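> Pasting a structure here, questions to come.
The values are calculated or read from the model by the stated rules, or taken from the named source; none is laboratory data. Just so it is clear, the model here is predicted, and its values are computed rather than measured. Cβ sites come from the backbone with ideal geometry, for glycine too, and all protein chains shown count toward neighbours.
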Amino acid sequence: MEPYERLLLMNKGWVHDMLDNDPSFFNRLADIQKPDFLWIGCSDSRVSADAITGTSPGEIFVHRNIANMVVHTDLNLLSVLEFAVEHLKVKHIIVCGHYGCGGIKAAMTKSNYGILNKWLRNIKDVYRYHRTALDSITDQEQRTDKLVEFNVQEQVMNLAKTSIVQSAWKKHQWPHLHGWVYGLKDGLLKSLMHIPPNTTIDDLYEYEDLH
């Protein structure tokens with residue numbers, strides 16, 4: 001059996017199990033999605049939002065990219081963000097990184113990764129912001145883990161800097177912004193930060209023409 005055929009077979013088994021437990025599951029799922037959460041996570045195959053949070057289909061709206069970045073020129077991310085906030089009306093946005101992230105590790109080297117360099121440059125900027133703290137860590141794994149944490153925190157702040165989030169804060173008093181890290185070695189989620197609606201940020205990033 002080819003690997004892709006195994007996926008199709010497993011899908012049929014999953015459908016059978018879901019219908020056994022709840023015969024109306026797919027009818028409800030096809031009706032409408034009303035997730036409370038937008039998850040911005042890493043593309044790493046070991047970090048699946050629904051699996052590690054124990055949630056079911058329809059509970060989390062998901063966007064994934066290398067190293068869970070919030071880049072202000074990324075139209076894909078911004079489109080997902082606007083749809084989640086303005087149309088799905090999610091109440092919480094979670095940026096979730098993970099220890100041992102390959103994107104973070106790559107950004108810490110001087111290796112040439114071709115087109116990927118342009119993406120990793122954003123992570124290198126995070127390193128530069130926190131260079132003093134990171135360079136003081138002699139253990140390479142610990143330094144990488146700390147950059148994972150700093151990166152999550154910076155991406156949450158990048159969310160707060162968007163007009164999409166600021167507009168929703170003024171109109172609806174949501175969403176809450178969260179920064180989490182997932183541990184591949186223990187399976188646990190660690191909460192790093194929480195930014196509630198209307199938190200004051202540097203006024204350089206505030207928009208005054210929001211309605």
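> Please go through the range 162-199 and give me each residue that is out of contact with any strand residue (DSSP E or B) (no Cβ under 9 Å at 6 or more places or on another chain), more than 23 Å from Ser43 (Cα to Cα), surrounded by 14 or more Cβ atoms within 10 Å (Cβ to Cβ) and touching a residue at least 40 places away in the same chain (Cβ under 8 Å), ordered by number. Give the steps one after another, and end with the answer.
Here is the first cut: in the range 162-199, the residues out of contact with any strand residue (DSSP E or B) (no Cβ under 9 Å at 6 or more places or on another chain) are 162-164, 166-173, 185-187, 198.
So of that shortlist, the ones also more than 23 Å from Ser43 (Cα to Cα) come out as 163-164, 166-173, 198.
Filter once more, so that each one left must be surrounded by 14 or more Cβ atoms within 10 Å (Cβ to Cβ): 163-164, 166-169.
Result: Ser163, Ile164, Gln166, Ser167, Ala168.
> Filter the range 10-53 down to residues that are assigned to a helix (DSSP H, G or I), aliphatic (A, V, I, L, M) and surrounded by fewer than 11 Cβ atoms within 10 Å (Cβ to Cβ), then give me how many there are.
The first filter runs over the range 10-53 and keeps only residues assigned to a helix (DSSP H, G or I), leaving 10-21, 25-31, 49-53.
Right, trim to aliphatic (A, V, I, L, M) and you get 10, 15, 18-19, 29-30, 49, 51-52.
After this cut, where a residue has to be surrounded by fewer than 11 Cβ atoms within 10 Å (Cβ to Cβ) as well, the list is 10, 30, 51.
The qualifying residues number 3.
> His92 is checked against (1) free of Cβ contacts under 8 Å to residues at least 60 places away in the same chain; (2) surrounded by 14 or more Cβ atoms within 10 Å (Cβ to Cβ) and fails just one. What number does that condition carry?
Here His92 meets the rest and fails (1).
> Follow-up question, since we're still on this one. For Asn68, only one of the following conditions fails: (1) in the same structural domain as Leu147 (by TED's automatic domain parsing); (2) part of a loop (DSSP other than H, G, I, E, B); (3) over 22 Å from Lys190 (Cα atoms). What is its number?
Only one criterion in (1) in the same structural domain as Leu147 (by TED's automatic domain parsing); (2) part of a loop (DSSP other than H, G, I, E, B); (3) over 22 Å from Lys190 (Cα atoms) is unmet by Asn68, namely (3).
> Determine whether Val90 is over 30 Å from Gln142 (Cβ atoms), under 18 Å from the mean Cα position of the chain (by Cα) and hydrophobic (A, V, I, L, M, F, W, C). Outline the logic, then answer.
Working: over 30 Å from Gln142 (Cβ atoms): yes; under 18 Å from the mean Cα position of the chain (by Cα): yes; hydrophobic (A, V, I, L, M, F, W, C): yes.
Criteria met by Val90.
> Can you confirm whether Ala168 is closer than 24 Å to Met108 by Cα and part of a helix (DSSP H, G or I)?
Numbers: closer than 24 Å to Met108 by Cα: no; part of a helix (DSSP H, G or I): yes.
No: the conditions fail for Ala168.
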